[in-house]
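Working notes, beginning with the structure itself.
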C-alpha cells in the first residue's frame, strides 16, 4: 500500500492500513538511530519548519532530530521570538514560511483544528504536533509503536489511560488509535477530568484506579497539568496523588508483565511514584527513542506525496 | 511449470544453482579463502542470493561467514523526483563491517544506480577494507562507471526489456526470464 496523504492531521482520519504503514516504515528507520553515523540522505534538500505556538521542548526536539537524521534542513519558529507577537495571523505566518519553500510544516497550536485549517491553504505538507485538546497524532503513533514493540500485537490488549483525559490530546489520539487497532481501552480519573460521552470514542469509564487495573497489559499515565489547577478540577494535588498515583502496590494489581507509559514530563510523586518510573516495567524512555523513528517515518512518507 | 506467454526463459533452476556454485568458488579463490570476508545482499533478490552463496561457502570452508541485508531505499537518487515514496524495508547488518572484505550481492546489474546507492549505504555503516560486487545477471546499459567482480551470466538485452529473477522462496521455482508486456 502506498501513502497518498499530503498531511498528517489526526489519527481519526487514518485507516488501519495507513497506521500499519507508518509503523513498519518507522521500524525500518529505527536502525538509523543505532548507527555511529546517524544520518541518511533521503530528505536531502528538503526543508522542515517547526512552527510551535505553544512551549515544547521534547516534541520539537524530536521532530528536529527526525528531520536532521533524514538530512533535511530544519528551521524552528516560535512565537515569542517571531512576528506573531506583532499581531501576524497564523495563515500569514504560514504563507511566509511556505514562500521560503518549506516542504513540511510541523504545527503546534492551542486551537483545535489549527493544523487542518492551515493544511487547506498551503501546498506544504502539514504535520499536527498537537492542536489544543483535540489530537496529538504523532504521540499516539509512537505510543502504539512502543506497545507493539513490547507486546507484538495491539489486538486483544487491555490498556488503561489514567488522569486528565478531558484536557488531554494525547489521551484522545490514543483512545482513537488503540480502539481502531482492536484493543480494549479503559479510562480512569476523577469525574471532573473525564470528558462527557467518552464512551462514544470506545473507552470504558472507571472512577476507582484499583478497579481499572485488573487484567491490564498497558498502563498509560497522563501528566497532571498543574497549570490547570486553577480550574477547580481537584480539591488538592495531595488528594489526587493519594487516589491516582501509580505506586508499586497498585502496579501489582495489573498483569505481571504490564508496561507503564508516560508522555512526559514526569511529575514524580504525583501521578507516578519514582519506584515505578524507574522500574523495569516503565518504557518511558523507549517512547522517546521511538518518537524519533515514528516522526522520521512520517516525514519520509509525506515528502513523497508533496 | 508453464511459462506466462510474455516470458522468455534465460536460466532454469539448475543453471542458477551452477552459476552460484561457480561464483562461490570464485569469491574464495579471489580472496584466498573466507578470512575477513562478509556477504551483504541487497533487498530483495540479493538477499536470497547472498544466503545461498553463504551456504555454499560454509560447505566449502566449513565455517560460517557474516551475512547482512541492505535496503538501499533511503539512498536512492530519485527520491526527490518520484511522486510516491518507495516502501522502506529493514537494513540488518549484525556485524561491524569495518576492515572486512564485503561482497555486495544483487540479482540484476543494469544501470548501476542501485549499486551506487548500496555503496553509499555501506560506507555510512563503517569503513570496509574492500567492497566487491557479485551479481547473478549482468544485462548491460550501465549509466555509471560500475563493474561486477563476479557474474553469473551476461545477457544482452534491450533497454525496454525487463529481466526478472524468480526465487523458490517467493515463486516456487528458481528461474531467470525476460518478461515483456
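Hey, can you tell me all the residues within the range A:63-81 that are more than 15 Å from residue A:300 (Cα to Cα) and in contact with a strand residue (DSSP E or B) (Cβ under 9 Å, 6 or more places away or on another chain)?
Answer for the range A:63-81, where residues must be more than 15 Å from residue A:300 (Cα to Cα) and in contact with a strand residue (DSSP E or B) (Cβ under 9 Å, 6 or more places away or on another chain): A:75, A:76, A:77, A:78, A:79.
Considering only the range A:79-88, I want to know if a residue exists there that is in a helix (DSSP H, G or I) and either within 11 Å of chain B (Cβ to nearest Cβ) or within 20 Å of the chain's Cα centre (by Cα) (or both). If you could, list the steps in order and put the result at the bottom.
Keep residues of the range A:79-88 that are in a helix (DSSP H, G or I), which gives A:79-81, A:83-86.
Filter once more, so that each one left must be either within 11 Å of chain B (Cβ to nearest Cβ) or within 20 Å of the chain's Cα centre (by Cα) (or both): none.
The answer is no, given that none of the residues of the range A:79-88 is in a helix (DSSP H, G or I) and either within 11 Å of chain B (Cβ to nearest Cβ) or within 20 Å of the chain's Cα centre (by Cα) (or both).
Select from the range A:1-55 the residues that are more than 14 Å from chain B (Cβ to nearest Cβ), assigned to a loop (DSSP other than H, G, I, E, B) and buried (at least 18 other Cβ atoms within 10 Å of the Cβ) and list them in ascending order.
Those that are more than 14 Å from chain B (Cβ to nearest Cβ), assigned to a loop (DSSP other than H, G, I, E, B) and buried (at least 18 other Cβ atoms within 10 Å of the Cβ): A:7, A:9, A:10, A:11, A:14, A:53.
Could you tell me which residue of the range B:138-163 is farthest from residue A:32 (Cα to Cα), considering only residues that are in contact with a helix residue (DSSP H, G or I) (Cβ under 9 Å, 6 or more places away or on another chain) and surrounded by 15 or more Cβ atoms within 10 Å (Cβ to Cβ)?
The qualifying residue farthest from residue A:32 (Cα to Cα) is B:153.
Is it true that some residue in the range A:224-243 is crowded, with 20+ Cβ neighbours inside 10 Å and touching a residue at least 60 places away in the same chain (Cβ under 8 Å)?
Looking for residues that are crowded, with 20+ Cβ neighbours inside 10 Å and touching a residue at least 60 places away in the same chain (Cβ under 8 Å), one finds at least one in the range A:224-243, hence yes.
Out of curiosity, is residue A:144 outside the structural domain of residue A:257 (by TED's automatic domain parsing) and either assigned to a helix (DSSP H, G or I) or touching a residue at least 60 places away in the same chain (Cβ under 8 Å) (or both)?
When the stated conditions are applied, residue A:144 does not pass them.
Would you check if residue A:301 is within 14 Å of chain B (Cβ to nearest Cβ) and touching a helix residue (DSSP H, G or I) at 6+ places or on another chain (Cβ under 8 Å)? Reasoning before the result, please.
Numbers: within 14 Å of chain B (Cβ to nearest Cβ): yes; touching a helix residue (DSSP H, G or I) at 6+ places or on another chain (Cβ under 8 Å): yes.
Answer is yes for this residue.
May I ask you to list the residues in the range A:56-71 that are part of a loop (DSSP other than H, G, I, E, B) and either crowded, with 21+ Cβ neighbours inside 10 Å or without any contact (Cβ under 8 Å) to a residue 12 or more places away in the chain (or both)?
The first filter runs over the range A:56-71 and keeps only residues part of a loop (DSSP other than H, G, I, E, B), leaving A:56-57, A:70-71.
Scanning the range A:56-71 gives A:57, A:70.
Sort out which residues of the range A:180-207 are in a strand (DSSP E or B) and at pLDDT below 95, and write them in order of number. Outline the logic, then answer.
Filtering the range A:180-207 for residues in a strand (DSSP E or B) gives A:184-188, A:203-206.
Selection gives nothing.
Quick one: which of B:118, B:134 is part of a strand (DSSP E or B) and either over 28 Å from residue A:296 (Cβ atoms) or at pLDDT 95 or above (or both)?
B:134
In the range B:72-112, how many are in contact with a strand residue (DSSP E or B) (Cβ under 8 Å, 6 or more places away or on another chain), within 8 Å of another protein chain (Cβ to nearest Cβ) and surrounded by 17 or more Cβ atoms within 10 Å (Cβ to Cβ)?
Residues in the range B:72-112 being in contact with a strand residue (DSSP E or B) (Cβ under 8 Å, 6 or more places away or on another chain), within 8 Å of another protein chain (Cβ to nearest Cβ) and surrounded by 17 or more Cβ atoms within 10 Å (Cβ to Cβ): 1 in total.
Name, by its number, the condition in (1) surrounded by fewer than 19 Cβ atoms within 10 Å (Cβ to Cβ); (2) in contact (Cβ under 8 Å) with a residue 60 or more places away in the chain; (3) more than 21 Å from residue A:148 (Cβ to Cβ) that does not hold for residue A:79.
(2)
Among residues belonging to the range B:164-181 that are out of contact with any strand residue (DSSP E or B) (no Cβ under 7 Å at 6 or more places or on another chain) and within 23 Å of residue B:25 (Cα to Cα), point out the one that is surrounded by the fewest Cβ atoms within 10 Å (Cβ to Cβ).
If we take residues in the range B:164-181 being out of contact with any strand residue (DSSP E or B) (no Cβ under 7 Å at 6 or more places or on another chain) and within 23 Å of residue B:25 (Cα to Cα), then B:168 is surrounded by the fewest Cβ atoms within 10 Å (Cβ to Cβ).
Which residue, of A:256, A:263, is at pLDDT 95 or above, in contact with a helix residue (DSSP H, G or I) (Cβ under 7 Å, 6 or more places away or on another chain) and either surrounded by 22 or more Cβ atoms within 10 Å (Cβ to Cβ) or in a loop (DSSP other than H, G, I, E, B) (or both)? Lay out the reasoning, then the answer.
Values: A:256 fails: in contact with a helix residue (DSSP H, G or I) (Cβ under 7 Å, 6 or more places away or on another chain).
On inspection, the qualifying residue turns out to be A:263.
Which residue out of A:47, A:25, A:57 is at pLDDT 95 or above and out of contact with any strand residue (DSSP E or B) (no Cβ under 8 Å at 6 or more places or on another chain)?
After applying the criteria, what remains is A:25.
What residue, of A:250, A:268, is more than 13 Å from the chain's Cα centre (by Cα), away from every other protein chain (no Cβ under 14 Å), over 24 Å from residue A:8 (Cα atoms) and without any contact (Cβ under 8 Å) to a residue 24 or more places away in the chain?
Going through A:250, A:268 in turn, just one is more than 13 Å from the chain's Cα centre (by Cα), away from every other protein chain (no Cβ under 14 Å), over 24 Å from residue A:8 (Cα atoms) and without any contact (Cβ under 8 Å) to a residue 24 or more places away in the chain: A:268.
Out of A:204, A:255, which single residue is in the same structural domain as residue A:151 (by TED's automatic domain parsing), free of Cβ contacts under 8 Å to residues at least 40 places away in the same chain and under 30 Å from residue A:280 (Cα atoms)?
Sole residue among the options that is in the same structural domain as residue A:151 (by TED's automatic domain parsing), free of Cβ contacts under 8 Å to residues at least 40 places away in the same chain and under 30 Å from residue A:280 (Cα atoms): A:204.
The values are calculated or read from the model by the stated rules, or taken from the named source; none is laboratory data. These numbers come from a predicted model, not from an experiment. Virtual Cβ from ideal backbone geometry, glycine too; neighbours counted across all protein chains shown.
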